[in-house]
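> So that we are looking at the same thing, I have put the structure below in structure tokens.
The values are calculated or read from the model by the stated rules, or taken from the named source; none is laboratory data. Remember, predicted model here, so these are calculated numbers, not experimental data. Note: ideal-geometry Cβ built from the backbone for every residue, glycine included; neighbour counts use all protein chains shown. All accessible areas refer to the heavy atoms of the entire protein, side chains included, with ligands and DNA or RNA removed. Shrake-Rupley method; radii C 1.70, N 1.55, O 1.52, S 1.80 Å.
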Amino acid sequence: MRNITVSVDEETHRLARIRAAELDTSVSALVRDFLSDLARGQPGGPGAPRRETERERRARMLDEVVADITANGGGLRMADNLPRESLYDRDALR
């Protein structure tokens, strides 16, 4: 494995460290992934899709679940509940 030294301004370094922390990785890993993608012809430049943070992924998944529950009527209709007698019918449980 080869080492590469890159110089960037303070603000770029600060923002890169923040973004790396959001992705639970390091700046070196981000640069390595970027160069690997670039070498394979898959540039990760400004037009490329950015990686989703863990928080964004969880929020997206929660939105999908809420949308699914809402689309199916919520699943909390009184007609779906068992009557009290059925809940305590011990013979039915055997």
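> Quick one: how many Å² of Glu54 are accessible to a 1.4 Å probe, rounded to 10?
It works out to around 80 Å².
> Solvent-accessible area of Ile4, probe 1.4 Å, all protein chains present, reported in Å² to the nearest ten, please.
120
> Provide the net charge surrounding Glu11, with neighbours chosen by a C-beta distance below 14 Å and charges set as Lys +1, Arg +1, Asp -1, Glu -1. Numbers along the way, then the final one.
Working: positive: Arg14, Arg17, Arg19; negative: Asp9, Glu10.
Here the charged neighbours net out to +1.
> Shifting gears a bit: Tell me, in nm to one decimal, what length is gained between Glu52 and Arg17 on full extension, where the rule is 0.36 nm per residue of separation less the Cα-Cα distance? Walk me through the numbers before you get to the answer.
On the way: separation 35, 0.36 × 35 = 12.60 nm, distance 1.57 nm.
Here the segment from Glu52 to Arg17 would lengthen by 11.0 nm.
> While we're on this one: As a test of reading the structure, rank Glu64, Glu85 by solvent-accessible area (1.4 Å probe, protein chains only), most first. Walk me through the intermediate numbers first.
Details: Glu64 100, Glu85 135 Å².
Putting Glu64, Glu85 in descending order of accessible area: Glu85, Glu64.
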